[in-house]
1. So what's the back-of-envelope 222 nm ellipticity for chain A, counting only DSSP H runs of four-plus at -39500 (n - 2.57) apiece and dividing by all residues, rounded to 500?
2. DSSP loop (so not H, G, I, E, B), at most 14 other Cβ within 10 Å: list which trypsin sites (Lys or Arg not before Pro) in segment B:1-72 pass both filters.
3. Which whole number of Å³ per residue matches the convex hull of the alpha-carbon atoms in chain A?
4. Could you tell me the relative contact order of chain A? Use alpha-carbon pairs under 8 Å, at least six residues apart, and round to a whole percent.
5. Counting only residues 5 or more places away or on other chains, whose amide H sits under 5 Å from the amide H of residue A:46 once H atoms are built in the peptide plane?
6. What GluC sites (Glu not before Pro) does segment B:2-109 have in DSSP loop regions with at most 15 other beta carbons within 10 Å?
7. Inter-copy label distances at residue A:26, 7 Å along the Cα→beta-carbon direction, one decimal in nm, shortest first?
8. Determine which aspartates and glutamates satisfy two conditions relative to residue A:73: a Cα distance under 20 Å, and not lying fewer than 8 residues away in the same chain.
2 protein chains.
Amino acid sequence: MTFTRPEPPYYAVIISSALNDEDLDGYDAMSERMAELGARQPGYLGRESQTGPDGRELLVIYYTDAESIAAWKQDPEHLEAQRLGKERWYADYRIEVARVERAYGFERA
Amino acid sequence: MTFTRPEPPYYAVIISSALNDEDLDGYDAMSERMAELGARQPGYLGRESQTGPDGRELLVIYYTDAESIAAWKQDPEHLEAQRLGKERWYADYRIEVARVERAYGFERA
């Protein structure tokens, strides 16, 4: 709810992940850097994330279009972060790229 | 990660919500009933949810197709729950219906 979405269609990347509990400081620094760099990419709209008491994170990152998502995935610094994520930090993750077709909401008056 | 998704395309309903902090017992009972009833609908695949320390919930419910989502939205008991949600329980929510076009993952060996 922290940012304004445009009218659909737009895109959402849904990321469910759990950490490996090794080098968490390194992960935090990289995660922060990627969030900052990612937010400067063309087509970036915003993100929402919640982490449960078990440490599992559910993160949704929003973009105007699929091309922006594909371009960010190939960014050299992001590619290196993805490599390190698999090598060191993640126990598992699942990533889904989805086209938002409808959106609506409610806010108490 | 708790259930197997089919190959895309399939659908995700992304729900971000915060509660009003009134009648939380009533909300919990209704929420549990809707999760149970919703899981029995045709086209239901599974769900993933995380609630942050601020009480905000990020929930993604997966379906095979958009028609199943529309049918469940019109279920009479679910309609009543939606009405009560706006009347009593939610501070705000945002709901997005999205078509998953690509999915991939990683699991540590």
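What follows is calculated from the coordinates using simple rules that are stated; it is not laboratory data. This structure is a prediction, so every number in the text was calculated from the model and none was measured. Please note: Cβ atoms are built from the backbone with ideal geometry, for glycine as well, and neighbour counts cover all protein chains shown.
1. -9000 deg cm²/dmol
2. Answer by residue number: B:40.
3. In chain A, the Cα convex hull volume per residue is 118 Å³.
4. In percent, rounded to a whole number, it is 47.
5. A:62
6. Within segment B:2-109, the qualifying GluC sites (Glu not before Pro) (loop, at most 15 other Cβ atoms within 10 Å) are B:22.
7. With the label placed 7 Å along Cα→Cβ, residue A:26 yields 5.2 nm.
8. A:28, A:32, A:36, A:48, A:57, A:65, A:87, A:92, A:96, B:101, B:107
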